[in-house]
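Okay, structure first, notes after.
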Amino acid sequence: MKLEHVVPWGRTLEEYQRMFNLGEEDKHKKILGCGDGPASFNAELTQMGGRIVSIDPIYQFSKQQISDRIEQVRPIIMEQIIQNKGAYLWNQFESPLHLEQTRLSAMNHFLADYDKGKVEQRYVHGSLPKLNFADKEFDLALCSHFLFLYEEHFSLQDHIQSITELVRVSKEVRIYPLLSLEGTQSNYLTSVIEHFERLGTKVGLEEVSYQFQKGATKMLVILANE
Ligand SMILES: C[S@@+](CC[C@H](N)C(=O)[O-])C[C@H]1O[C@@H](n2cnc3c(N)ncnc32)[C@H](O)[C@@H]1O
């Protein structure tokens, strides 16, 4: 991955809690954050005593490189959001400015934790569909705003391989959102569900309390076979 192809943009622990219905019991689990990028989820959860490893291809870059790239892409992303304002629900964020401030604060929190987290192997350079972890090393794998959302760049086969890999390394997998960037249900969702049902894997949709992209109200939950 080249730095000029990276579009860093990260969410907070509070958003992860609502996107994935994370309860008290989940905070004690060993968690894999897949495609966490510059989210502050890892930094905040670690500060609260959680056990978490995040993987992302951007973790091959230095703190300075990621920070510079955030500054480059920030006005472009904000311009797109303002042009597309009607596609989002403006209740948790009052305005695009409020959204930008929240995202920047999350990404600054990530950057402040990044070098320490790399030493502690909480930020690991890695990419789906192949992960360098042992079978069932994690209790819970979370994937926010990568699978399904970027279906244009990742085929159905890539999705099935990636989720198969997440189920290999984790007892449970939760994925959110299930819409593409167009704002409609991902073309791959039904085929992915059918694929895992055929294998006898427990797979289903669960309502969540988070919604920013309009209509993004559900997560996919997959439970690995015993
Ligand atoms: C829109 S960001 C979401 C960041 C974070 N999960 C959040 O919700 O705030 C998508 C992330 O997916 C990462 N990504 C891209 N290709 C990937 C791959 N093959 N495997 C895992 N992550 C990938 C990107 O580097 C980026 O950080």
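The values are calculated or read from the model by the stated rules, or taken from the named source; none is laboratory data. It should be emphasised that the depicted structure is a prediction, and the values quoted were computed from it without experimental measurement. FYI the Cβ positions are ideal-geometry reconstructions off the backbone, even for glycines, and counts take in every protein chain you see. Ligands, DNA and RNA are stripped out before the accessible areas are found, and what is left, the full protein with its side chains, is counted by its heavy atoms. Shrake-Rupley method; radii C 1.70, N 1.55, O 1.52, S 1.80 Å.
Results, tabulated for the structure shown:
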read-out	value
Test result for Val192, under 12 Å from His159 (Cβ atoms), crowded, with 16+ Cβ neighbours inside 10 Å and modelled with pLDDT of 95 or more	yes
Residue list for the stretch 145-186, restricted to those being of a type in the set (Ser, Thr, Tyr) and open to solvent by 10 Å² or more (accessible area, probe 1.4 Å)	Tyr150, Ser155, Thr164, Thr184
Scope the stretch 14-43; condition in contact with a helix residue (DSSP H, G or I) (Cβ under 9 Å, 6 or more places away or on another chain), open to solvent by 10 Å² or more (accessible area, probe 1.4 Å) and either away from the ligand (no atom under 14 Å from the Cβ) or not in a loop (DSSP other than H, G, I, E, B) (or both); matching residues	Glu14, Gln17, Gly23, Lys27
Residue among His125, His153 that alone is within 17 Å of the chain's Cα centre (by Cα), closer than 30 Å to Leu223 by Cβ and without any contact (Cβ under 8 Å) to a residue 24 or more places away in the chain	His153
Filtered residues of the stretch 195-216 (kept if surrounded by fewer than 17 Cβ atoms within 10 Å (Cβ to Cβ) and either on the phi < 0 side of the Ramachandran plot or among the charged types (D, E, K, R) (or both))	Glu197, Arg198, Leu199, Lys202, Gly204, Leu205, Glu206, Glu207, Ser209, Lys214
Count of residues meeting criterion [in a helix (DSSP H, G or I) and within 12 Å of the ligand (Cβ to nearest atom)] in the stretch 45-74	8
Qualifying positions in the stretch 44-62 - more than 22 Å from Asn132 (Cβ to Cβ) and either open to solvent by 60 Å² or more (accessible area, probe 1.4 Å) or not charged (D, E, K, R) (or both)	Gln47, Met48, Gly49
Selected residue (criterion: most open to solvent (accessible area, probe 1.4 Å)) from residues of the stretch 99-137 that are aliphatic (A, V, I, L, M), in a helix (DSSP H, G or I) and within 14 Å of the ligand (Cβ to nearest atom)	Leu104
First in the stretch 199-217 and within 14 Å of Gln92 (Cα to Cα), second anywhere and open to solvent by less than 80 Å² (accessible area, probe 1.4 Å) and of a type in the set (Phe, Trp, Tyr), Cβ under 7 Å, 6 or more apart	Phe212/Tyr88; Gln213/Tyr88; Lys214/Tyr88
Verdict on Phe93 being open to solvent by less than 10 Å² (accessible area, probe 1.4 Å), within 11 Å of the ligand (Cβ to nearest atom) and aromatic (Phe, Trp, Tyr)	no
